[in-house]
Each structure stands twice: as structure tokens, then as C-alpha cells.
1. Any chance you could run the full-extension gain for Glu97 through Asn45? It's 0.36 nm times the residue separation minus the Cα-Cα distance, nm to one decimal.
2. Return the long-range amide H neighbours of Leu183 (sequence gap of 5 or more, or a different chain), with a cut-off of under 5 Å between placed amide H atoms.
3. By the gyration tensor of its Cα atoms, with a ≥ b ≥ c the square roots of the eigenvalues, what is the shape of region 79-186: rounded for a/c under 1.5, prolate for a/b over b/c, or oblate?
4. Short version: what are the Cα gyration tensor semi-axes of region 129-262, square root of 5 times each eigenvalue, largest first, in whole Å?
5. Under 5 Å between amide H atoms, partner at least 5 residues away or on a different chain: which partners does Ser153 have, H built in plane at 1.01 Å?
6. For region 16-211, what does the relative contact order come out to in percent, with C-alpha contacts under 8 Å and a separation of six or more?
7. Identify, among Val145, Gln218, Cys178, the residue whose Cα sits farthest towards the positive end of the charge dipole of region 142-244, taking +1 on the Cβ of Lys and Arg and -1 on the Cβ of Asp and Glu, with the dipole about the Cα centre.
8. Karplus couplings for region 105-119 from phi (6.51 cos²θ - 1.76 cosθ + 1.60, θ = phi - 60°), rounded to Hz, Gly and Pro as x?
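Values quoted throughout were computed directly from the atomic coordinates according to the rules given, and no laboratory measurement underlies them. Quantities reported herein were computed from a predicted structural model and do not represent experimental measurements. Because the Cβ atoms are built from the backbone with ideal geometry, glycine has one as well, and the counts that use them run over all protein chains shown.
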Amino acid sequence: MSVQLLREEQPQNSTIEEEIQLPPTDLPYDDGEPLESNRHRIAMNVLIDSIHQVYQEREDYFAGGNMFIYYSSEQVRNRDFRGPDFFVVLNVDGTLERRSWMVWEERGRYPDVIVELMSASTASEDTGNKKRIYEQTFRTQDYFVYDPFDRESLQGWHLERNQRYEAIAPDERGWLWCESLGLWLGTWDGTLTRENAPWLRFYDRDGNLVLLPAEIAQQEREIAQQEREIAQQEREIAQQERERADRLARLLQENGIDPDRM
């Protein structure tokens, strides 16, 4: 997405409530503009659905995408900041309904993880000004960028103790470790929502792909089908054994032998 970020820093002696002057009810939550492409939209939903799958037993997180994040009075007045394509905030009440993320209503919490889905028109912004904002203002622990049309575009940074981003080194598979989530980020080739692409996917610590709900349902259907086929094969084998026993009994009877006395 084409985004212009503000370069505002929070005053050291002011609180978030003092810095924000406009009432939250005045804030828009939808810019009315779609993502760069249908593939970008699918890629965002894949990341969100994956986190919900991994954390399905938890309620202490929020995962969103293409949402406004409000954090300063000047930014609110200008209304020119469009939120990350994908982000996760940990240790918050995930059951609350949110149309946008307003830092002053979230006890000063910023995203712990952000992924920007780049395009040719946004790459310089995503790796430049946005990266600076996420590092210096948001203090986001893990930041990643990826172009769904370029499998070699994955990059990531982790916020070190000196509060500066350090590039995350890929492993031999080209995957990047996301420390905040305890998951790998890597590419996966396949078809999702009828589109074949090198998708950005989450993997667990052991390298297992985090399956989407639709993939789990498909897997369950395949297992159920396999079980039905095995049951059918067992029935056919049992029927063949019964027929074999009947033929043997008839043969014995034809030779004057009572099979029940054998």
C-alpha cells in the first residue's frame, strides 16, 4: 500500500492521553482503498488466519491487518497514516471489538510483530520510512517485509537491546525466525483461494507448516475418505473369506464330508 508516515516523536514528559487531543469517536477506521492486488489481500488473510489457528486456545492477543493505528495528535489531525498490512499485539484482551488500533486506549501498546506486503511502488517506503517509524516510535520487536509476487523478497529485523533493528539471518531454507511469536516465517508454494503463488506462511519450531482452517478441514476429509476406503477394503476381504468358506463347505459336502464335524 502507498503510505505516508509522519515523523513525529512522543515528548518525553507527556502522556499518551495528553498528546492525543481528538476524541476517539472522530477517528475513521477505513480508508476505502483496497490492497495492492487480490494476492496481497489473500496473503494478509493467510497470516491472520494462521495466527488464529496457532493461538486458538488463547484470548490474550490481537491479530489484524490493513487497520489504522493511531498514536499521535498530529497524525490524527492529518489522518494520513494507514496501518500495517498485518500485525500482532501480544498480552492484550483479544475479545474486544476494534475497528482501529488506538494506542492511548490500549495502555500505550504498539504491535509486537508487523508484516508489510510490499509491491514495486511501496518497497522503498516499507524498508525506509516505515521501518524507521516501527523501530524508533513503535518499538516493534519483529518487522518483516515480503512481496507476494517475489519469492526472494523476504526480509526481517529484530529490535535488539540497544533499541535498534538488526537484520534477521535466514536459515538454510530461507526462513526467518520470529522471536515474539515463536514461529518461523517462510515461503510456501501452492494454491490458496484459487491462486497459485509463493505464499508467506508460518511454520512451528519443528518446521511444520501452520495449516489454515480450510486446509485442516480438507485434511480431515481426506483422512475420513481413507478410513472409508480401508473399511470398504476390509468388508470386501471379509466377503471374499465368506465366499471361500462357502465354496469349501460345498466341496466337502459333495464328497460326503460334513464340514461342521471337521
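1. Value of the extension gain: 16.9 nm.
2. Result for Leu183 returns Cys178.
3. prolate
4. Ellipsoid semi-axes (Å, largest first): 64, 15, 11.
5. Asp147
6. 17 percent
7. Gln218
8. Whole-Hz 3J(HN,Hα) from phi for region 105-119: 9, 10, 6, x, 7, 10, x, 7, 9, 9, 10, 9, 8, 6, 9.
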